[in-house]
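Visitor: Can you read through this structure? Questions will come right after.
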Amino acid sequence: MTTTATDPDVVARALPEGRGRRRRGLRLPSPKLGVGLAICGLIALFGLVGPLVVGDPDAVDNVGLAPPGGGYLLGTTQTGQDVFAQLAWATRGSLVIGLVVGLLAVGLAAVFGVIGAYAGGWVDEGFSLFSNVMLVIPGLPLIIVISSYVADKSIWLIALVLALTSWAGGARVLRGVTLSLRSRDYVSASRVSGERTWRILLVEILPNLVPLLASLFIFAVIGAILGEAGLAFIGLGASGSWTWGTMLFWAGNGLALRLGALWWFVPPGLMIALFGAGLAMINFAIDEIIDPKLRLQTRAARRRWRRPSDVGSSGGAGARA
């Protein structure tokens, strides 16, 4: 007896395989990417929506150092300020600094690294010399000197200073990769065929640099958030604005650790750790996506981790048999 595509048995046997194919098609390239995006997405959502629903973080109440509960989700500070409201505004401030520094640092690195390497000649030499000079200048002392001479430091000024001191390393990396791509056959063919320079950069070279630019952006964001937190903790952060660093600064000045007010300084530190971990997972996932050898090593490591449990279960089944 012949079967047709409409037979129930044929359809039943085909459904699981088809669903499996659809699930594999929707699966992310790396589990780290999904976890990292989830962590960073939730924190970004909190920083975007949180300040719209909480009260004034500078509002003072007569309930000082109140533990979480009683109308205050994360308790209050020594002067009666709502810690949860401060955390919401601080999340937005730190994310703004990280985003601005990431975009500016990657943009400057692309200009001095990619354009200079493709142009060659004196343009490349001048851009490379300037990048080397910025690379040897110690970033943190320069930031401290600039911040100490400016009385009213806004979030934008801190972000600008951090970006100007963090792009040179990325420019050197992009320059080396662009020099390699410039000699490829498809780039030479585009140049010989009379393609415009901007089109070769945008269509032929830039797409090959996207994973590297993403990694540089992630590193710049992490460095900016940690750098701002360090500056704020020593009293050189943005004045009149809330960030994770300023929360830690005021918690340290208020002797939160000595008074046992864990709800005051643990939330901003935990947010820094979680956001940094999320970005690190995304960066690891990018490395696995662009490096086939690393992806194969990760898959082999997962199989080795799963193998002992399989062996143990099969051994137990054999013993029972």
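Visitor: Within segment 235-266, how many residues turn out to be in contact with a Phe, Trp or Tyr (Cβ under 8 Å, 6 or more places away or on another chain) and either of a type in the set (A, V, I, L, M) or assigned to a helix (DSSP H, G or I) (or both)?
Guide: Matching residues across segment 235-266 total 8.
Visitor: Looking at (1) surrounded by 22 or more Cβ atoms within 10 Å (Cβ to Cβ); (2) closer than 27 Å to T165 by Cβ, which one does I222 not meet, given that it meets all the others?
Guide: Against the list (1) surrounded by 22 or more Cβ atoms within 10 Å (Cβ to Cβ); (2) closer than 27 Å to T165 by Cβ, I222 comes up short only on (1).
Visitor: Every residue in segment 169-201 that is of a type in the set (F, W, Y) and under 21 Å from F127 (Cβ atoms), please.
Guide: The one that is of a type in the set (F, W, Y) and under 21 Å from F127 (Cβ atoms): W198.
Residues are listed down the side, and each one gets a yes or a no for (1) β-branched (V, I, T); (2) surrounded by fewer than 14 Cβ atoms within 10 Å (Cβ to Cβ); (3) at pLDDT below 90:
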{"site": "L95", "(1), (2), (3)": "no, no, no"}
{"site": "V106", "(1), (2), (3)": "yes, no, no"}
{"site": "V145", "(1), (2), (3)": "yes, yes, yes"}
{"site": "A151", "(1), (2), (3)": "no, yes, yes"}
{"site": "R182", "(1), (2), (3)": "no, no, yes"}
{"site": "Y186", "(1), (2), (3)": "no, yes, yes"}
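Visitor: Could you say which residue among L104, L33 is in a helix (DSSP H, G or I), out of contact with any Lys or Arg (no Cβ under 9 Å at 6 or more places or on another chain) and either of a type in the set (F, W, Y) or under 27 Å from S239 (Cα atoms) (or both)?
Guide: Answer to the selection: L104.
Visitor: As an exercise: evaluate Y72 against (1) buried (at least 18 other Cβ atoms within 10 Å of the Cβ); (2) within 28 Å of the chain's Cα centre (by Cα) and give the number of the one condition it does not meet.
Guide: Of the numbered conditions (1) buried (at least 18 other Cβ atoms within 10 Å of the Cβ); (2) within 28 Å of the chain's Cα centre (by Cα), the odd one out for Y72 is (2).
Visitor: For segment 131-233, which fully contained helices (runs of 4 or more DSSP H) count at least 2 residues that are touching a residue at least 40 places away in the same chain (Cβ under 8 Å) and either of a type in the set (G, A, S) or in contact with a Ser or Thr (Cβ under 7 Å, 6 or more places away or on another chain) (or both)?
Guide: 139-149, 155-164, 168-182, 206-233
The values are calculated or read from the model by the stated rules, or taken from the named source; none is laboratory data. This one's a predicted model, so the numbers in the text were calculated from it and none came from an experiment. Every residue, glycine as well, gets a Cβ built from its backbone with ideal geometry; the counts of neighbours run over all protein chains shown.
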